[in-house]
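Data first, discussion second: the structure below is written as structure tokens.
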Amino acid sequence: MKKSNYIVLLFTLIFLSGYSQSIDRLIDQSIKVDSLNVPKNSHQSYFPKELVASEQNNNGKKFDSTSILNPELRFDLPTEWYSEYLYAMKEPLLFNRKTEKQIYRFTWLRTFDKPMTFRIEKWRSRYILYWKVLSGKGGYDSGELERTMLKILSEKEWIDFIDLINKADFWNMKLGRSFTGTDGSEWIMEGVDPNNYRVVTVWSPTEGYFYEACNYLISLTDLNISEKKKY
């Protein structure tokens, strides 16, 4: 069943106004990961427990699948949904250990199109962009890992991206996210540096610096995505 159809039109779930935390408070050595920091099973959340605990409905109660008006319409917490795709891409966790890098990861889940993730990393004077594509659809099943690529970036390309992140005020974003329809896309941006971790998610943006920062990562790849498909 299509995940986005689980959303009742008149039901709005306020998920996140932006979450950031000192990385020191998030370190969890008990999480089972491989040498690349990829979880060893699909049940591990890609987001901190504190974030999961903040997933509430508009009555302030913890959201669960039985709180929908129609009990036949069941869907996971958003973080479980997002984690399913990140695990299928064999992406690393970003919050569970200290890092010397600066990393940003944009996860793009469009209802009718292939799920993608774009991870840009700075370590010392080296800049790399990784992108991955699944064979499924963002509102349906994740599918299989179809493509994984990387590109060495210039310092200017990194600076241009960071300029957009700063203009979006990413580390202080209070944009939130609401489900208000049945189709669209999730734009999820994580950031981590030696001191902090942050994640924000925006439903189907079409303009603004947050949109431009994500779109800039897409433009650095060899993916040929029409403007119509950037929903």
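Observations, loosely collected:
- Qualifying residue in the range 102-116 (condition: over 27 Å from G143 (Cα atoms) and either among the charged types (D, E, K, R) or at pLDDT below 95 (or both)): no
- Matching residues, the range 109-132, being within 18 Å of L220 (Cβ to Cβ) and among the hydrophobic types (A, V, I, L, M, F, W, C): M116, F118, I120, W123, I128, L129, W131
- Residue in the range 181-231 that is farthest from I27 (Cα to Cα), counting only those that are part of a loop (DSSP other than H, G, I, E, B) and small (G, A, S): S226
Table: residues versus (1) in contact (Cβ under 8 Å) with a residue 24 or more places away in the chain; (2) acidic (D, E); (3) surrounded by fewer than 16 Cβ atoms within 10 Å (Cβ to Cβ).
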| site | (1), (2), (3) |
| --- | --- |
| G138 | yes, no, no |
| E146 | yes, yes, yes |
| I152 | yes, no, yes |
| L164 | yes, no, no |
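- Among residues of the range 28-56 that are β-branched (V, I, T), those with a Cβ under 9 angstrom from a residue that is at pLDDT 90 or above and part of a helix (DSSP H, G or I), sequence gap 6+ or separate chain, pair up as V38/Y87.
- Filtered by the rule that a residue be modelled with pLDDT under 95 and among the hydrophobic types (A, V, I, L, M, F, W, C), the range 32-56 gives F47, L51, V52, A53.
The values are calculated or read from the model by the stated rules, or taken from the named source; none is laboratory data. Remember, it's a predicted structure, so these values are computed and weren't measured experimentally. Cβ atoms come from the backbone with ideal geometry, glycine included; neighbour counts cover every protein chain shown.
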